[in-house]
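The values are calculated or read from the model by the stated rules, or taken from the named source; none is laboratory data. None of these values were measured; they are calculated from a predicted model. So basically every Cβ, Gly included, is an ideal-geometry build from the backbone, and we count neighbours across all protein chains shown. Surface accessibility is based on the protein's heavy atoms, side chains included, excluding ligands, DNA and RNA. Shrake-Rupley method; radii C 1.70, N 1.55, O 1.52, S 1.80 Å.
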Amino acid sequence: LEGVEIVNFGQGGRLGRYPIHFHMCNSVANSLISKNVIRSSNQRCVVIHGSHNAQVIDNVAYDTAGHCYILEDGAEVGNTFKRNLGAKTRALTAGIGASDDFPSTFWITNANNYFIGNVAAGSQGSGYWFETNNKVAGPSLAMYPDVVPMTTELYAFRDNVAHSNHVHGVRTYSPGWQPKTLAKFERLRSYKNQYSGLFVHGSGN
(Lines give C-alpha, C1' and ligand atoms only; values in the text may rest on other atoms or scores of the structure.)
Protein backbone atom coordinates (compact mmCIF):
# COMPACT_ATOMS: atom_id res chain seq x y z
CA LEU A 1 0.00 0.00 0.00
CA GLU A 2 1.75 3.16 -1.18
CA GLY A 3 0.89 6.80 -1.70
CA VAL A 4 -2.64 6.77 -0.24
CA GLU A 5 -4.23 9.55 1.82
CA ILE A 6 -6.59 8.16 4.47
CA VAL A 7 -8.87 10.74 6.11
CA ASN A 8 -11.47 10.29 8.87
CA PHE A 9 -11.15 6.48 8.97
CA GLY A 10 -11.41 4.32 12.08
CA GLN A 11 -14.53 3.84 14.19
CA GLY A 12 -14.00 4.96 17.77
CA GLY A 13 -15.01 2.38 20.34
CA ARG A 14 -15.31 -0.51 17.85
CA LEU A 15 -12.50 -3.03 18.18
CA GLY A 16 -10.74 -3.81 14.90
CA ARG A 17 -11.87 -0.66 13.07
CA TYR A 18 -8.63 1.11 12.10
CA PRO A 19 -7.27 2.93 9.03
CA ILE A 20 -4.66 0.20 8.28
CA HIS A 21 -4.88 -3.18 10.00
CA PHE A 22 -2.98 -6.44 9.60
CA HIS A 23 -5.11 -8.96 11.53
CA MET A 24 -3.80 -12.42 12.50
CA CYS A 25 -1.87 -12.84 9.24
CA ASN A 26 1.18 -14.65 10.63
CA SER A 27 4.16 -13.74 8.38
CA VAL A 28 3.61 -10.92 5.88
CA ALA A 29 7.25 -10.69 4.83
CA ASN A 30 6.57 -9.20 1.39
CA SER A 31 4.13 -6.54 2.63
CA LEU A 32 5.04 -2.85 2.54
CA ILE A 33 3.09 0.09 3.98
CA SER A 34 4.89 3.14 2.68
CA LYS A 35 4.47 6.85 1.88
CA ASN A 36 0.88 7.05 3.06
CA VAL A 37 -0.81 9.85 5.00
CA ILE A 38 -3.32 9.16 7.76
CA ARG A 39 -5.07 12.17 9.24
CA SER A 40 -8.04 12.85 11.46
CA SER A 41 -8.27 9.17 12.34
CA ASN A 42 -11.04 8.32 14.78
CA GLN A 43 -9.15 5.29 16.11
CA ARG A 44 -5.46 4.41 15.78
CA CYS A 45 -3.34 4.47 12.61
CA VAL A 46 -1.30 1.43 11.52
CA VAL A 47 -2.14 -1.65 13.58
CA ILE A 48 -0.05 -4.82 13.37
CA HIS A 49 -2.04 -7.56 15.11
CA GLY A 50 -0.91 -11.16 15.25
CA SER A 51 1.27 -10.50 12.21
CA HIS A 52 5.01 -10.52 11.63
CA ASN A 53 7.69 -9.07 9.33
CA ALA A 54 5.67 -6.16 7.96
CA GLN A 55 7.52 -3.10 6.62
CA VAL A 56 6.02 0.22 7.77
CA ILE A 57 8.17 2.91 6.20
CA ASP A 58 7.96 6.66 5.41
CA ASN A 59 4.36 7.20 6.55
CA VAL A 60 2.79 10.28 8.16
CA ALA A 61 -0.01 10.26 10.73
CA TYR A 62 -1.48 13.54 12.00
CA ASP A 63 -4.27 14.39 14.43
CA THR A 64 -5.26 10.83 15.31
CA ALA A 65 -7.04 9.24 18.29
CA GLY A 66 -5.58 6.43 20.42
CA HIS A 67 -2.25 4.70 20.00
CA CYS A 68 -1.02 5.29 16.47
CA TYR A 69 1.62 2.85 15.17
CA ILE A 70 1.01 -0.26 17.24
CA LEU A 71 1.78 -3.90 17.94
CA GLU A 72 -1.48 -5.10 19.42
CA ASP A 73 -1.19 -8.36 21.35
CA GLY A 74 2.50 -8.55 22.26
CA ALA A 75 3.26 -11.56 20.06
CA GLU A 76 4.14 -9.59 16.92
CA VAL A 77 7.82 -9.90 15.88
CA GLY A 78 10.17 -8.92 13.06
CA ASN A 79 8.20 -5.85 12.00
CA THR A 80 10.05 -2.72 10.88
CA PHE A 81 8.89 0.82 11.62
CA LYS A 82 11.23 3.16 9.78
CA ARG A 83 11.17 6.91 9.13
CA ASN A 84 7.54 7.31 10.14
CA LEU A 85 6.13 10.53 11.57
CA GLY A 86 3.31 10.68 14.08
CA ALA A 87 2.12 14.09 15.28
CA LYS A 88 -0.73 15.21 17.52
CA THR A 89 -1.74 11.80 18.88
CA ARG A 90 -4.90 12.34 20.95
CA ALA A 91 -6.57 10.27 23.65
CA LEU A 92 -9.28 7.88 22.50
CA THR A 93 -12.36 8.68 24.56
CA ALA A 94 -14.40 5.66 23.43
CA GLY A 95 -12.66 2.77 25.19
CA ILE A 96 -11.77 -0.52 23.49
CA GLY A 97 -10.21 -2.24 26.48
CA ALA A 98 -6.63 -1.03 25.98
CA SER A 99 -4.68 2.00 27.17
CA ASP A 100 -5.61 4.30 24.28
CA ASP A 101 -7.01 6.86 26.70
CA PHE A 102 -3.35 7.52 27.58
CA PRO A 103 -2.02 7.41 24.03
CA SER A 104 1.43 6.87 22.62
CA THR A 105 2.41 7.52 19.03
CA PHE A 106 4.34 4.22 18.98
CA TRP A 107 2.84 1.53 21.23
CA ILE A 108 5.39 -1.25 21.62
CA THR A 109 4.11 -4.43 23.28
CA ASN A 110 6.95 -6.69 22.10
CA ALA A 111 10.55 -5.53 21.63
CA ASN A 112 11.42 -8.14 18.97
CA ASN A 113 10.91 -5.48 16.29
CA TYR A 114 12.82 -2.65 14.60
CA PHE A 115 12.24 1.07 15.23
CA ILE A 116 14.56 3.23 13.16
CA GLY A 117 14.49 6.94 12.37
CA ASN A 118 10.92 7.63 13.51
CA VAL A 119 9.54 10.89 14.92
CA ALA A 120 6.85 11.17 17.60
CA ALA A 121 5.73 14.75 18.22
CA GLY A 122 2.96 16.39 20.21
CA SER A 123 1.31 13.30 21.66
CA GLN A 124 -1.26 13.91 24.37
CA GLY A 125 0.48 11.06 26.20
CA SER A 126 3.94 9.74 25.29
CA GLY A 127 5.94 9.40 22.12
CA TYR A 128 7.07 5.77 22.51
CA TRP A 129 5.64 3.40 25.12
CA PHE A 130 7.11 -0.02 25.84
CA GLU A 131 4.00 -1.50 27.49
CA THR A 132 5.21 -5.06 27.78
CA ASN A 133 3.30 -7.57 29.90
CA ASN A 134 4.00 -10.99 31.38
CA LYS A 135 1.86 -12.72 28.77
CA VAL A 136 0.47 -12.17 25.30
CA ALA A 137 -3.00 -10.63 25.03
CA GLY A 138 -6.06 -11.21 22.85
CA PRO A 139 -6.44 -14.01 20.31
CA SER A 140 -2.66 -14.36 20.03
CA LEU A 141 -2.50 -15.88 23.50
CA ALA A 142 -3.79 -19.25 22.31
CA MET A 143 -1.13 -19.31 19.58
CA TYR A 144 1.79 -18.06 21.68
CA PRO A 145 1.11 -19.10 25.30
CA ASP A 146 4.82 -19.28 26.17
CA VAL A 147 5.82 -15.82 24.93
CA VAL A 148 6.65 -13.37 27.74
CA PRO A 149 6.69 -9.90 26.12
CA MET A 150 8.27 -8.16 29.11
CA THR A 151 11.48 -10.21 28.67
CA THR A 152 11.80 -9.86 24.88
CA GLU A 153 15.04 -8.73 23.27
CA LEU A 154 15.09 -5.37 21.54
CA TYR A 155 15.99 -5.89 17.87
CA ALA A 156 16.67 -2.20 17.12
CA PHE A 157 15.75 1.22 18.47
CA ARG A 158 17.95 3.86 16.91
CA ASP A 159 17.87 7.39 15.48
CA ASN A 160 14.37 8.00 16.84
CA VAL A 161 13.07 11.41 17.93
CA ALA A 162 10.48 12.30 20.59
CA HIS A 163 9.60 15.93 21.15
CA SER A 164 6.86 18.16 22.50
CA ASN A 165 4.88 15.28 23.98
CA HIS A 166 2.57 16.11 26.88
CA VAL A 167 3.99 13.42 29.19
CA HIS A 168 7.13 11.39 28.32
CA GLY A 169 9.25 11.11 25.22
CA VAL A 170 9.93 7.40 25.81
CA ARG A 171 8.50 5.34 28.68
CA THR A 172 8.85 1.75 29.91
CA TYR A 173 6.23 1.98 32.61
CA SER A 174 3.76 -0.57 34.01
CA PRO A 175 4.54 -3.35 34.53
CA GLY A 176 8.05 -2.74 33.22
CA TRP A 177 10.40 -4.31 30.73
CA GLN A 178 13.11 -6.81 31.69
CA PRO A 179 14.84 -7.96 28.48
CA LYS A 180 17.09 -10.99 28.78
CA THR A 181 19.84 -9.30 26.77
CA LEU A 182 21.26 -5.78 26.83
CA ALA A 183 18.89 -3.28 25.19
CA LYS A 184 20.31 -0.19 23.51
CA PHE A 185 18.48 3.03 22.66
CA GLU A 186 20.93 4.37 20.10
CA ARG A 187 21.12 8.05 19.20
CA LEU A 188 17.73 8.87 20.73
CA ARG A 189 16.80 12.56 20.65
CA SER A 190 14.14 13.49 23.18
CA TYR A 191 13.36 17.10 24.02
CA LYS A 192 10.62 19.54 25.07
CA ASN A 193 8.52 16.76 26.61
CA GLN A 194 6.53 18.01 29.62
CA TYR A 195 7.72 15.35 32.09
CA SER A 196 10.61 13.08 31.07
CA GLY A 197 12.67 12.59 27.97
CA LEU A 198 13.14 8.95 28.98
CA PHE A 199 11.08 7.46 31.83
CA VAL A 200 12.25 4.01 32.95
CA HIS A 201 10.15 2.29 35.61
CA GLY A 202 10.28 -1.30 36.84
CA SER A 203 12.72 -2.07 34.05
CA GLY A 204 16.29 -3.25 33.70
CA ASN A 205 19.09 -4.42 31.41
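Work out from phi, with θ = phi - 60° and the Karplus expression 6.51 cos²θ - 1.76 cosθ + 1.60, the ³J(HN,Hα) of each residue of the stretch 192-203, listed in order in whole Hz, and give x for Gly and Pro.
Residue by residue, the stretch 192-203 yields 6, 8, 5, 10, 10, x, 9, 10, 10, 9, x, 10 Hz.
Could you check which residue among P139, P149, P179 shows the biggest mean-square fluctuation in a GNM of the chain with a 10 Å Cα cutoff?
Looking only at P139, P149, P179, the biggest GNM fluctuation is shown by P139.
Which trypsin sites (Lys or Arg not before Pro) from the stretch 139-180 combine a DSSP loop assignment with at most 16 other Cβ atoms within 10 Å? Intermediate results must be reported in sequence, preceding the final value.
Details: sites: R158, R171, K180; in loops: K180.
Sparse-neighbourhood loop trypsin sites (Lys or Arg not before Pro): K180.
In the chain, what cysteines have no partner Cβ closer than 4.7 Å?
C25
What does the accessible area per residue of the chain come to in Å², with a 1.4 Å probe and no ligands, DNA or RNA counted?
On the way: 8810 Å² over 205 residues.
About 43 Å² of surface per residue is accessible.
Could you list which residues have their amide H under 5 Å from that of I33, counting only those 5 or more apart in sequence or on another chain, with H placed in the peptide plane?
Q55, V56, I57
Please label the shape of the stretch 68-136 as rounded, prolate or oblate, based on the square roots a ≥ b ≥ c of the eigenvalues of the alpha-carbon gyration tensor (a/c under 1.5 means rounded; beyond that, a/b larger than b/c means prolate, else oblate). Kindly include the intermediate steps, with their values, before the conclusion.
Numbers: a/c = 2.30, a/b = 1.08, b/c = 2.13.
Oblate.
Which value in nm describes the separation of the simple spin-label points at Y114 and D63, placed 7 Å from the Cα toward the beta carbon?
For the pair Y114/D63, the computed spacing is 3.4 nm.
Please report the carbon-and-sulfur percent of the accessible area for the chain; probe 1.4 Å, protein heavy atoms only, DNA, RNA and ligands left out.
Values: 4400 of 8810 Å².
Answer for the chain: carbon and sulfur cover 50 percent of the accessible area.
What's the FRET efficiency of M143 with R83 using the Cβ-Cβ distance as r and R₀ = 30 Å, to the nearest 0.05? Can you show the working numbers first?
Values: r = 31 Å, r/R0 = 1.02.
Rounded to the nearest 0.05, the efficiency is 0.45.
222 nm [θ] for the chain, helices only, -39500 (n - 2.57) per DSSP H run of 4+, per residue, to 500?
Details: 1 runs with 4 residues, N = 205.
For the chain, the value works out to -500 deg cm²/dmol.
Stretched out fully, how many nm does the piece from T151 to A94 gain, at 0.36 nm a residue minus the Cα gap? Each step should come with its number before you reach the end.
Details: separation 57, 0.36 × 57 = 20.52 nm, distance 3.08 nm.
Contour length minus the Cα-Cα distance gives 17.4 nm.
Between V4 and L198, what length comes free when the chain is fully extended (0.36 nm per residue of separation minus the Cα-Cα distance, one decimal in nm)?
Details: separation 194, 0.36 × 194 = 69.84 nm, distance 3.33 nm.
Difference between extended and current length: 66.5 nm.
How far, in nm, would the chain grow between D159 and S40 when pulled straight, counting 0.36 nm per residue and subtracting the alpha carbon separation?
Values: separation 119, 0.36 × 119 = 42.84 nm, distance 2.68 nm.
Extending this stretch completely gives an extra 40.2 nm.
Between R17 and K135, what's the calculated FRET efficiency when r is the beta-carbon distance and R0 is 25 Å? Round to 0.05.
Numbers: r = 25 Å, r/R0 = 1.01.
Calculated value: 0.50.
Compute, for the chain, the length of the dipole vector about the Cα centre, with Cβ point charges of +1 (Lys, Arg) and -1 (Asp, Glu) only. Units Debye, rounded to 20. Display every interim value, and only then the final one.
On the way: 17 positive and 14 negative charges, 87 e Å.
Charge dipole, the chain, about its Cα centre: 420 debye, nearest 20.
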